[in-house]
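The values are calculated or read from the model by the stated rules, or taken from the named source; none is laboratory data. Please read all numbers here as calculations on a predicted model, not as lab measurements. Positions of Cβ are backbone-derived with ideal geometry, glycine not excepted, and every protein chain shown enters the neighbour counts.
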Amino acid sequence: MAITPADDYLIHQTPYPIDRVATSDRNFYDRYFFNGYSPDGDIYFALAMGQYPNLGIADAAFSIVSDGRQRVVRASRRLGPDRMATTVGPIAVEILRPLHQLRVSVAPNPYGIQADLTFTARSLPVEEPHFFRLAGNVPVMDYTRMTQHGAWSGTITVDGRSYAVEATTWWGSRDHSWGIRPVGGRDPRGAPPQQPPQFFWNWAPLNFPDLCTLYTVSEHADGSRWHQSGAILTPYPHATITEADVAYHLTFQSGTRWLQTATITLTPPAGEPLQITFQPLYPFLMKGLGYGDPKWGHGMWVGEDVVDGTEYRLDTEEPLQNLHVQQVSRVRAGSRQGLGVFEIIVLGPHAPTGFRDLLDPAP
C-alpha cells in the first residue's frame, strides 16, 4: 500500500489508502468505455480502459471502423500504486469536469491511429440497477455501472487521413463500471461449473436530436430476467431522466446470432410507450477492445508496457466466432431518427429467441 495523489481527496471508502480496494477478490475491476459515431454512421470508434488492482494490471484499447475495416491499437502495463494514472501506452483518459466533460487521446504509435477527442455530456448520468449474478452459489458478477450520452469534438487520424469531429453531429455514449466480474482469464480455483455456459445480454444507448434513451436486458435460458433497466432522457440544458419498463422483439440473421432487426419498447410510469426500431448497419467486434480475446482479454498479463495493434475485415469475420458485438444502427422512434448501438451476446440456449444449444445459429 502507498499514499498516492488520489488520497488527497475526501473519497475514502475503507480504512486503507486508495490503492487498496475493499475486497481481495481477484476479479475486482474499474473500467471506462466510450463510443462515438459520425452523423451518417459510416465511422464508429470506441475506447476502453480498465484497472485490475488485485491483478496489478492496467490495459486500454482504441478501435475504429471505416470502409469495412476495424482497426485497433491496444496497450497493457503494470498498474502500480497510483489509481489516478489513467494512461496506458499511447491511450489516455482525462476527467476535465466530472460527469460533464472528459478527454480521450491516442498518441502517435506504430499502428497508424491517433486521436484527440472531448466528450461533452448530452444527458444526466444513469446509474443502472446493480448487477449481481451467481454461478451456483459463487458470485460471478457484483458491480455498478453508470451510463451517459454525449457529443464528441476533436480529431481522429488513421494512416494520415484526418476526420474532423464536431459536437453538433458526432454523438455517442460512455459508461463507467466497477466491482466484480470475470477478468484475467479463468480462475483455476474451486469446483468446475455444473451447467454449460449461458449468457443473454442486450445493451442499447441511443441518441436522437431531442432525446436520449437507454435499454438493457439480461436473461437466463428460460427468459427470466436477472437484470433490466430503461431510461428516457431529455438532453441539457433541461436534462431529466424518466425510468421506463422495457420489452424487446428481436430477429436474427440466418446462420448467425447477430441481429437482423430489433424493436424495443420503453414504457414510462405515465405517458405513452416509446417504440424504437433498429436498422443494423454493421457489427463492431468487441474483441477489438479486449472482450474475450485470448491474449488481450481484460486483465490478462501480456508484459511490461506492451503496445500492439491489429485489423479485422468485417466481411470475412465468422459471426459464430464473434458473439459479442455492438451493431451500429440507425434508429427510429415515431418521426424521430437517431443513431446508436445494440450490443448483444447470445451464448447458449435462450427460449424467447429460439436458441436451444450452445451455438446453434438462427435458421
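Here is a check on your reading of the model: is G89 of a type in the set (G, A, S), in contact with a Leu (Cβ under 7 Å, 6 or more places away or on another chain), on the phi > 0 side of the Ramachandran plot and at pLDDT 95 or above?
no
Which numbered condition trips up V302, out of (1) in contact with a Ser or Thr (Cβ under 6 Å, 6 or more places away or on another chain); (2) more than 22 Å from R74 (Cα to Cα)?
(2) is the only condition that V302 fails.
Please give the strands (runs of 3 or more DSSP E) falling wholly within the range 228-304 in which 1 or more residues are aromatic (F, W, Y).
245-252, 274-285
Where in the range 1-106 are the strands (runs of 3 or more DSSP E), entirely inside, with at least 3 residues that are farther than 19 Å from R145 by Cβ and under 17 Å from the mean Cα position of the chain (by Cα)?
Hits in the range 1-106: 57-66, 69-78.
Within the range 224-235, take every residue that is out of contact with any His (no Cβ under 9 Å at 6 or more places or on another chain) and surrounded by 13 or more Cβ atoms within 10 Å (Cβ to Cβ) and give me the one that is farthest from F131 (Cα to Cα).
Narrowing the range 224-235 to residues out of contact with any His (no Cβ under 9 Å at 6 or more places or on another chain): 224-225, 228-232, 234.
With the extra rule that they be surrounded by 13 or more Cβ atoms within 10 Å (Cβ to Cβ), the set shrinks to 228-232, 234.
Values: Q228: 9, S229: 11, G230: 14, A231: 17, I232: 20, T234: 25 Å.
That would be T234.
Of all residues in the range 117-150, which are hydroxyl-bearing (S, T, Y) and either under 15 Å from P205 (Cβ atoms) or surrounded by 17 or more Cβ atoms within 10 Å (Cβ to Cβ) (or both)?
The answer is T118, S123, Y143, T147.
Quick one: would you say A221 is surrounded by fewer than 18 Cβ atoms within 10 Å (Cβ to Cβ), of a type in the set (A, V, I, L, M), modelled with pLDDT under 95 and part of a loop (DSSP other than H, G, I, E, B)?
No.
Identify the residue in the range 236-277 that is in contact with a Lys or Arg (Cβ under 8 Å, 6 or more places away or on another chain) and not aliphatic (A, V, I, L, M) and, among all such residues, is nearest to S335 (Cα to Cα).
T277
Kindly evaluate I18 against the criterion of being in contact with a His (Cβ under 8 Å, 6 or more places away or on another chain), more than 24 Å from P188 (Cα to Cα) and β-branched (V, I, T).
yes
Kindly indicate the residue of the range 315-363 that is in contact with a strand residue (DSSP E or B) (Cβ under 6 Å, 6 or more places away or on another chain), assigned to a loop (DSSP other than H, G, I, E, B) and not small (G, A, S) and also farthest from W171 (Cα to Cα) among those meeting that condition.
P349
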